[in-house]
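Please read the structure below before turning to the comments.
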Amino acid sequence: MGQLAAEKHTKYILQIEKKKDDIESALTEHLRINGAYWGLTTLDILGNLKAVEQEAVISWVMSCQHESGGFGGNIGHDPHLLYTLSAIQILSLFNKTQILNIPKVSTYISTLQNKDGSFSGDKWGEIDTRFSYLAICSLSLLNSLDKINVEKAVEYIISCKNLDGGFGCTPGAESHSGQIFCCVGALAITGCLHYVDKDLLGWWLCERQVKSGGLNGRPEKLPDVCYSWWVLSSLIMIDRVDWIDKEKLVKFILECQDIENGGISDRPDDAVDVFHTYFGVAGLSLLEYPGLKAIDPAYALPVDVINRLFLK
Amino acid sequence: MDSDEDERIPLSQRPEWSDITPVPQDDGPNPVVPIAYSEEFAETMDYFRAVYLADERSHRALQLTSEAIHFNAGNYTVWQFRRVILEALNADLHDELEFVEHLASKNSKNYQLWHHRRWVAEKLGSEAAGRELEFTKNIFLNDAKNYHAWSHRQWVLQNLGGWEDELAYCDKLLEDDIFNNSAWNQRYFVITRHPGLGGIEGIRDSEVNYTIKAILTKPENESPWRYLRGLYKNNMKAFVTDSKVSTLCLKVLTSKVNCVFALSLLLDLLVHGFEPTQDLKNALESLIPESNNLDSDVAARVCLVLEIMDPMRVNYWRWRKSSLSSHVEDGVKNLSVH
Ligand SMILES: [Zn+2]
């Protein structure tokens, strides 16, 4: 097992940015802005954000903005909440949200709210509690939550609560750790955690830990590093993180590292990617692994970034 | 790639595309390394950008989006433009169902694909219900927990109908795999939302019997235990007084294997005022004979057994134990107020 190969992971992330010529990068072209957020946040947690060319990143992010105010996954792509939050998060990392036309971006987001309080991800109307989180987190980072009907938004999220205390993508849909993160995160940001059945949900979440120490996303599923983030951040937000075996989870995440070339995979011995590298490092940060910046469980950004935004 | 797509003629050599100048990906202010990945894919995307920028809503553009999606079903902009074209051409959406089915047979975990499917089904309306239910059923043959497919199925039931056989379908899935949490969730969805079933109260009895049977087959299966609890969600009195529940706990405890969920349920019963029988106390005692615990409180003893049996969650069970006393304190506080 050993330790976190922090230097190797930094190198791995920096190298992805340069490697635009392989098939993996072609397939992810349309969501490059998500990839950039995962990579840059990982670097920041590792204390190496300075290693990237800030100006180049920022001007690229800004050129992903659509005339509607929303952001696409890359230049020339259509806007979606998924990409808009990543753009705002990246700008937050660099303390540059002020270069945004905030009323315009927040109007784009607010027009995606539906009558029942739910959010569509784009103008095509798909509804999912993930989009509620994306909208609420984005607007909160821009200090513009007053642009939407928060009460209705919260009401919709609560209507997705299940008998196990968890949340699904729509009312009645199965509880899933990823959706739970989104719902609990949105409720945390809006100050509505009292609607969560914390003890019941906490038990369901800690039942996600399997013998290997890793966490799964649903009963009887395999453990996966990305759930270290979704389950763990939810447990922290509802103040029940001591209910899992943290040491065993740390060990599981460390076992998923590629010690030689950097990067973290979903399970030991699988291929690494930037997505799981981010979730692994962010998970370790939540577990207070030494040498890492603390990350905020609701905003998924380093705590110092959040403090800079809200405590100024 | 499919064999029928093997002999792909480059777009640059197809006469019907000769009027189009392809547009390469703009990677922003930084000069980009020459692209070395699949030339075919790159070419398709270059032509796609050209028709997209020209907003060309034509049959050939539709065909081009098919090719682009076959290369990469995750590209959100391509899908979105495809819908714009379909609307403009007033295309036959039954063909579109086939297109999606073909794609889903290769990758059924793509968000765009499901979003698109719903868009098509919504346009077709209730005539689509049967085919949509069948479509998700086929997905479940290979992946019975596919989250997208479940979400689609629930949407179909609520918006297009087709509830009639849904409970039987849940039976079938649980027969195949009793651990399938998605099927248990669907079962709850049906009994609480099926417009013809009359809600939990009416169906509780038969559902409790069904669930108890499932639990006794595999007591380590967390899903039916939670389902059982859900059946009594708004009726604690029935939960505590229904002897079927405590008998179930007793049976599992007596077997002495996989007792964690039974103990947990027993704890819930006790917290809500259930008076344990001597049989239950004995069964509990025989689980940790060596400890000969001094704690006379049954609930506290249950917690202790759980701490030993489920060490990974020892802090949770300790917390449950510590909140037993605060329950008492709460009770005392309330007494002094009233
Ligand atoms: Zn994963």
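Of note:
- Here the accessible area of the protein assembly as shown is 51 percent carbon and sulfur, with a 1.4 angstrom probe and all protein chains present.
- Against chain B, whose longest principal axis comes from its Cα atoms, helix B:129-142 is set at around 70 degrees.
- Residue-normalised accessible area of the stretch B:91-156, expressed per residue, 1.4 Å probe, Å²: 42 Å²
- Rounded tilt (10° steps) of B:111-124 against the dominant C-alpha axis of chain B: 80 degrees
- Counting only Cβ charges, +1 for Lys and Arg and -1 for Asp and Glu, the dipole size of chain A around its Cα centre is about 620 debye.
- Low-density loop positions, GluC sites (Glu not before Pro), the stretch B:189-246 - DSSP coil, at most 13 other Cβ in 10 Å: B:Glu220
- Between B:Gln278 and B:Arg193, residue separation times 0.36 nm minus the direct Cα-Cα distance comes to 26.6 nm.
- Residues B:Asp19 and A:Leu222, FRET efficiency given R0 of 41 Å [Cβ-Cβ distance, rounded to 0.05]: 0.20
- Distance-filtered residues of the stretch B:164-190 - backbone nitrogen under 17 Å, label point 7 angstrom along B:Glu220 Cα→Cβ: B:177-181
- Efficiency of FRET from Cβ geometry, B:Glu201 and B:Gln63, R₀ 41 Å, rounded to 0.05: 0.15
- Between B:Lys123 and A:Lys50, the C-beta separation translates, for a Förster distance of 60 Å, into a calculated FRET efficiency of about 0.75.
- For the set A:Val57, B:Val78, solvent exposure ranked by accessible area (probe 1.4 Å, protein chains only) runs largest to smallest as A:Val57, B:Val78.
- Take the accessible area of chain A alone and of chain B alone, subtract that of the pair, and you get about 5000 Å² summed over both chains, using a 1.4 Å probe.
- Dipole of the stretch A:6-310, positive direction: furthest Cα of A:Leu43, A:Ile58, A:Leu201, with charges on the beta-carbon: A:Ile58
- The contact residues of the stretch B:37-52, meaning those that lose at least 30 Å² of 1.4 Å-probe accessible area when all protein chains sit together rather than their chain alone, are B:Tyr37, B:Phe41, B:Tyr52.
- The label-point distance for A:Val210 and A:Lys18, in a model that sets each label 7 Å from Cα toward Cβ, rounds to 3.7 nm.
- In this simple spin-label approximation, B:Asn234 and B:Gln158 carry label points 7 Å from Cα along the Cα→Cβ vector, and these lie 1.7 nm apart.
- Net lengthening on full extension, B:Glu175/B:Glu40 (0.36 nm per residue, minus Cα-Cα): 44.0 nm
- Entries in A:Lys123/B:Lys233; A:Lys104/A:Lys293; A:Lys211/B:Lys137; A:Lys96/A:Lys147; B:Lys137/B:Lys213 that, when Cα-Cα distance is taken, lie over 29 Å: A:Lys123/B:Lys233; A:Lys104/A:Lys293; A:Lys211/B:Lys137
- Annotation for the stretch A:231-312: GluC sites (Glu not before Pro) lying in DSSP loop with at most 13 further Cβ atoms inside 10 Å of their Cβ are A:Glu260, A:Glu288.
- Across the stretch A:109-116, rounded Karplus estimates of 3J(HN,Hα) from the backbone phi angles (6.51 cos²θ - 1.76 cosθ + 1.60, θ = phi - 60°) give 5, 5, 6, 8, 7, 9, 4, 7 Hz, Gly and Pro being marked x.
- The phi torsions of the stretch B:148-164, fed into the Karplus equation with coefficients 6.51, -1.76 and 1.60 and a -60° offset, translate into couplings of 5, 5, 5, 4, 4, 4, 5, 5, 4, 4, 6, 10, 10, x, x, 5, 2 Hz, rounded to whole numbers, with Gly and Pro shown as x.
- Relative contact order (percent, whole number), the stretch A:6-310, Cα cutoff 8 Å, 6+ residue spacing: 17 percent
- Close amide H pairs (under 5 Å, H built 1.01 Å from N) link A:Phe71 with A:His66, A:His80, A:Thr84, residues at least 5 positions away or on another chain.
- Cα gyration tensor shape for the stretch A:6-310, rounded if a/c is under 1.5, else prolate or oblate: oblate
- Between the amide H of A:Phe119 and those of A:Asn114, A:Asp128, A:Ser132, distances stay under 5 Å, these residues lying 5 or more places away or on another chain, with hydrogens modeled in the peptide plane.
- Peptide A:165-178 is shielded by partner chain Cβ atoms: per residue, an average of 5 of them sit within 10 Å of its Cβ.
- Accessible surface, the stretch A:6-310, averaged per residue in Å² (probe 1.4 Å): 35 Å²
- For the stretch B:76-110, a reduction of at least 30 Å² in accessible area between the chain on its own and the assembled protein chains (probe 1.4 Å) is found at B:Tyr76, B:Thr77, B:Gln80.
- Highest-fluctuation residue, A:Val105, A:Val52, A:Val281 considered, GNM on chain A with Cα pairs under 10 Å: A:Val52
- Dipole-positive endmost among B:Leu269, B:Ser325, B:Asn181 within chain B (Cβ charges, Cα centre): B:Ser325
- At least 30 Å² accessible surface lost relative to isolated chain, residues of the stretch B:177-209 (1.4 Å probe): B:Phe179, B:Asn181, B:Asn185, B:Arg193
- Note on B:Asp143 and B:Ile288: the model spin-label points, each 7 Å out from Cα along the C-beta direction, lie 4.3 nm apart.
The values are calculated or read from the model by the stated rules, or taken from the named source; none is laboratory data. This one's a predicted model, so the numbers in the text were calculated from it and none came from an experiment. Neighbour counts are summed over all protein chains in view; Cβ atoms, including those assigned to glycine, are modelled from backbone coordinates with ideal geometry. Areas reflect the complete protein model, heavy atoms only, side chains present, ligands, DNA and RNA absent. Shrake-Rupley method; radii C 1.70, N 1.55, O 1.52, S 1.80 Å.
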